[in-house]
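Worksheet: one structure, shown below.
The values are calculated or read from the model by the stated rules, or taken from the named source; none is laboratory data. The structure presented is a predicted model; accordingly, all values stated were derived computationally and were not measured. Cβ placement follows ideal geometry from the backbone for every residue including glycine, while neighbour counts extend to all protein chains displayed.
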Amino acid sequence: MATNRIAERCRVFKQYKEDVKERGKPFYPYAMFHDTLMSLVVVVVIIGLAIVWKWTTPGHHTGTGAGWLGKTLDIPADSGTFNFVPRPDWYFYFLFYLLRVFKWPNTVFLGTIGIPTLCLMLLLAIPFLDVRMERRILRRPVALIASVLVVFSMGYLTWLGATAKEPLGSEILGHVPAWSVTEGFATNKPAIDGAKLFAVSGCLTCHTYLSDGGHQLGAPVLTAEGAKNKGVAFEIAHLKCPACVNRGSPMPSFSGLGDTRLQQIAAFLVASKGPVKH
């Protein structure tokens with residue numbers, strides 16, 4: 001069986017060579033020349049656009065103003081912003097949305113490594129599994145259906161990832177009065193100010209507080225953080241450099257919020273000892 005398959009491949013390859021000599025052109029130098037020429041055109045266009053972008057911008061030496069293709073530099077990033085929601089590049093949106101489907105910690109491995117790796121292995125294996133000479137797509141139903149399903153699923157997940165809504169700080173901000181009553185810090189102004197900062201600073205993207213927020217990357221529930229008696233100094237140090245306090249922590253640094261804001265958030269966390277009994 002294997003011998004017949006090898007003989008068939010040799011026959012097809014020999015026929016291909018004869019057809020190239022009679023009707024076609026060899027890859028080298030013809031196709032290689034066309035590819036090289038087209039690559040050169042693309043590079044020249046990119047360089048040309050970069051020159052136009054640079055030298056049509058007023059004040060291009062300082063990065064101010066906008067030219068034909070936009071500004072060369074934007075305003076400096078605000079490290080203390082409350083409104084920025086980090087997102088991946090658009091071509092990773094399908095993986096970004098998979099993380100919403102597969103929750104930490106039990107199933108996140110499937111969404112980040114398991115499914116993408118399995119799909120890649122199947123893609124690499126296709127040429128070795130399907131060795132038929134048939135090229136008409138309608139006579140290859142398995143390949144056709146698999147291709148359509150892959151394109152559709154990736155496109156659908158990309159659309160879901162692009163349109164996914166994050167919890168708005170302004171909406172969660174309205175929950176602060178209820179938090180203060182439930183947790184018993186309604187008369188603690190620094191804690192209330194810290195709760196407002198906590199609601200709009202993106203903390204609830206990963207953490208959970210009472211019934212709000214998510215539980216991503218193993219982030220702990222902070223409803224009763226104050227009951228652990230860690231103190232304000234510890235909370236501030238942790239907010240400034242999480243990985244320094246808890247080695248290997250994936251939590252980003254919030255040092256850009258400034259000492260005053262960090263003091264308020266720490267006061268809120270220390271005051272959060274769990275729902276009080278009325």
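If only residues of the range 204-221 that are in contact with a Phe, Trp or Tyr (Cβ under 8 Å, 6 or more places away or on another chain) and surrounded by 20 or more Cβ atoms within 10 Å (Cβ to Cβ) are counted, the one that is farthest from MET251 (Cα to Cα) is TYR209.
Scanning the range 3-39 for residues that are of a type in the set (A, V, I, L, M, F, W, C) and within 18 Å of ARG135 (Cβ to Cβ) yields VAL12, PHE13, VAL20. I'd like to know if the range 94-107 contains one or more residues that are surrounded by 13 or more Cβ atoms within 10 Å (Cβ to Cβ), modelled with pLDDT under 75 and not assigned by TED's automatic domain parsing to the domain that holds GLY202. The answer is yes; a qualifying residue exists.
None of THR223, THR187, THR208 is of a type in the set (S, T, N, Q) and in contact with a His (Cβ under 7 Å, 6 or more places away or on another chain) except THR208.
Looking at GLY202 and the list (1) within 30 Å of PHE102 (Cα to Cα); (2) out of contact with any Asp or Glu (no Cβ under 9 Å at 6 or more places or on another chain); (3) at pLDDT below 90; (4) not polar (S, T, N, Q), which single condition is not satisfied? Just one mismatch for GLY202, condition (2). Residues of the range 211-243 that are assigned to a helix (DSSP H, G or I), farther than 18 Å from VAL276 by Cα and small (Gly, Ala, Ser): ALA233, ALA237, ALA243. Checking the range 241-260 against the condition returns no match, with no residue being of a type in the set (Lys, Arg) and either assigned by TED's automatic domain parsing to the domain that holds PHE109 or over 24 Å from VAL108 (Cα atoms) (or both). The residue list THR223, THR208 contains one member that is farther than 25 Å from ARG87 by Cα and either touching a strand residue (DSSP E or B) at 6+ places or on another chain (Cβ under 9 Å) or small (Gly, Ala, Ser) (or both), which is THR223. One residue stands out among those in the range 159-188 that are modelled with pLDDT under 85 and of a type in the set (D, E, K, R): the one that is farthest from the chain's Cα centre (by Cα), which is GLU171. Does the range 167-176 contain at least one residue that is under 28 Å from LEU98 (Cβ atoms) and in contact with a strand residue (DSSP E or B) (Cβ under 9 Å, 6 or more places away or on another chain)? Yes - at least one qualifying residue is present in the range 167-176. Filtering the range 169-203 to residues that are part of a loop (DSSP other than H, G, I, E, B), buried (at least 18 other Cβ atoms within 10 Å of the Cβ) and of a type in the set (Ser, Thr, Tyr) leaves only SER201. Pairs are defined by a Cβ separation below 6 Å, a sequence spacing of at least 6 or placement on different chains, a first member in the range 212-235 that is not assigned by TED's automatic domain parsing to the domain that holds ASN106 and of a type in the set (Asp, Glu), and a second member that is at pLDDT below 90 and not in a loop (DSSP other than H, G, I, E, B); the pairs so defined are ASP212/ILE172; ASP212/LEU204. You will find that of LEU99, LEU124, the residue that is out of contact with any Phe, Trp or Tyr (no Cβ under 8 Å at 6 or more places or on another chain), in a helix (DSSP H, G or I) and more than 25 Å from MET251 (Cβ to Cβ) is LEU124 and no other. The number of residues in the range 130-141 that are surrounded by 10 or more Cβ atoms within 10 Å (Cβ to Cβ) and more than 20 Å from PHE13 (Cβ to Cβ) comes to 3. Scanning the range 222-278 for residues that are exposed (fewer than 14 other Cβ atoms within 10 Å of the Cβ) and at positive phi gives ASN229, GLY231, GLY248, GLY258.
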